[in-house]
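Scroll down for the structure; my scribbles are underneath it.
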Amino acid sequence: MDRDDKKESSGHYSRRRFLGTLLGAGALILTGSWLFPRLFKGPEAKENGSSGGVGELENNLSPLPQPAPESDPPIGGGAKGEFAPFSVTEFPVFDNSNWSFKVDGLVEQLRQWDWGDFVKLKRQVRVSDFHCVTGWSVTQNTWEGIPLAEFLEQAQVKRDEARTVKFYSGDGVYTDTLTLEQAAMEDVIIAVLHDGKPISAQLGGPVRLVIPQMYGYKSVKWLTRIELIAGEHTGYWEQRGYARDAWVGK
Ligand SMILES: Nc1nc2c(c(=O)[nH]1)N[C@H]1C(S)=C(S)[C@@H](COP(=O)(O)O)O[C@H]1N2
Ligand SMILES: [Mo]
């Protein structure tokens, strides 16, 4: 009834409303990109490490992990290239009160650590190259951490039931998986230091996954949970069309 009335009685009213809607939508888009600047970046997007706004974010965990002699100076000779800090969420920041790590699901030994215990775990040093699916790489990274295989062994995976290792990011959103067979690769490491330094908040610290033989999107940052599951799970980028088996150069 009064819809048609309005249309006829005041032509400029609907035009104003239309402009208002446009402005509102514009404001919403601006607000959205301000709050979630990285939300729409795919693994194909290249980010500049020095881009504004995230530089001041830092984790605050104590004690700091002390580098092994092979890490400092790094036996790889020091990384060549720059990581492009990615996050599909706001960059999470951790301290002793909001960080923990657990291995659960189809295991005999459920394990959980707070930072104080985690930092005491025996670490190893591995040198590897890192490749994002777009073509940027950082070569000869010296990672110090706990080999994934070590965790799985300690947790005593129920081998007859579990098929998939699911990784959760402490950002609350990002997940990915490996098959149990892939998870046995001895270069897969749950890293705590990079080139002898604690991994920064931007680059996924305090603890991130590193899977050298697969593209970077498999290497979950801010790793806080490993769950052994019977079925399959489709990870964050895989839900968006990327391959579950992200072998570099295959
Ligand atoms: N939690 C989380 N992990 C993540 C991502 C992410 O956005 N969030 N990006 C992935 C992608 S696409 C790449 S290439 C690497 C990038 O690592 P960097 O941010 O340390 O450069 O992290 C991977 N792990
Ligand atoms: Mo990536």
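The values are calculated or read from the model by the stated rules, or taken from the named source; none is laboratory data. These figures come from a predicted structure and were not determined experimentally. Please note: Cβ atoms are built from the backbone with ideal geometry, for glycine as well, and neighbour counts cover all protein chains shown. In case anyone asks, the SASA skips ligands and DNA or RNA and just uses the protein heavy atoms, side chains included. Shrake-Rupley method; radii C 1.70, N 1.55, O 1.52, S 1.80 Å.
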Check on Val173, open to solvent by 60 Å² or more (accessible area, probe 1.4 Å), of a type in the set (A, V, I, L, M, F, W, C) and touching a residue at least 60 places away in the same chain (Cβ under 8 Å): yes
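For the subset of the stretch 82-98 comprising residues that are open to solvent by less than 50 Å² (accessible area, probe 1.4 Å) and either away from ligand 2 (no atom under 16 Å from the Cβ) or small (Gly, Ala, Ser) (or both), which member is nearest to Thr142 (Cα to Cα)? Working first, answer last.
Within the stretch 82-98, the first condition is being open to solvent by less than 50 Å² (accessible area, probe 1.4 Å), and the residues that meet it are 83-89, 91-92, 94.
In the following step, the residues that additionally are either away from ligand 2 (no atom under 16 Å from the Cβ) or small (Gly, Ala, Ser) (or both) were identified as 84, 87, 92, 94.
On the way: Ala84: 17, Ser87: 22, Pro92: 24, Phe94: 23 Å.
Within the stretch 82-98, the match that is nearest to Thr142 (Cα to Cα) is Ala84.
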Filter the stretch 217-239 down to residues that are out of contact with any Pro (no Cβ under 7 Å at 6 or more places or on another chain), within 11 Å of ligand 1 (Cβ to nearest atom) and of a type outside the set (S, T, N, Q), then give me how many there are. 6
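Do you know which residues across the stretch 63-81 are open to solvent by 70 Å² or more (accessible area, probe 1.4 Å), in contact (Cβ under 8 Å) with a residue 24 or more places away in the chain and more than 16 Å from ligand 1 (Cβ to nearest atom)? Outline the logic, then answer.
As a first pass, look at the stretch 63-81 and keep what is open to solvent by 70 Å² or more (accessible area, probe 1.4 Å): 63-64, 66, 69-70, 72-73, 75, 80.
Among the residues that remain, those that are also in contact (Cβ under 8 Å) with a residue 24 or more places away in the chain are: 63-64, 70, 72-73, 75, 80.
Matches in the stretch 63-81: Pro63, Leu64, Glu70, Asp72, Pro73, Ile75.
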Going by the conditions given, is Gln239 of a type in the set (S, T, N, Q) and either touching a helix residue (DSSP H, G or I) at 6+ places or on another chain (Cβ under 6 Å) or not in a loop (DSSP other than H, G, I, E, B) (or both)? no
